[in-house]
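Single-structure report; data block below.
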Amino acid sequence: MTPLAMRFCVGCGQVFDKLQPSDSGPRWVAAEAYREKYGLSLNDLHLIADACPPCARVLAIGRRVVLPETCIPVLT
Ligand SMILES: [Zn+2]
């Protein structure tokens, strides 16, 4: 079986469930719940490093790539 390409969050470990979107569309779910839901093992998955929205924001702040208008000016 070809590994299923799947985005996972490097921050919290959640995975992006695009197989069975909820009413509000695809969503990030706990990796364990996802594997149990679809009966997948880690060998079935090709994990692609990504970040869910909350973690993406934290990572952006860490890399100082947040938009200038969202930053508080630092006086030097
Ligand atoms: Zn995350």
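Figures for the structure shown
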| read-out | value |
| --- | --- |
| Whichever residue in the stretch 13-36 is among the aliphatic types (A, V, I, L, M) and in a strand (DSSP E or B) and, among such residues, is modelled with the lowest pLDDT | Leu19 |
| Pairs, first surrounded by fewer than 14 Cβ atoms within 10 Å (Cβ to Cβ) in the stretch 40-52, second modelled with pLDDT of 85 or more and among the β-branched types (Val, Ile, Thr), C-beta under 7 Å, six or more apart | Ala49/Val10 |
| Residue list for the stretch 1-16, filter: closer than 11 Å to Ala56 by Cβ and of a type in the set (Val, Ile, Thr) | Val10 |
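The values are calculated or read from the model by the stated rules, or taken from the named source; none is laboratory data. Predicted model, so just to flag it, every value in this text is computed and none were measured. Glycine also receives a Cβ, built like all others from the backbone with ideal geometry; neighbour counts cover every protein chain displayed.
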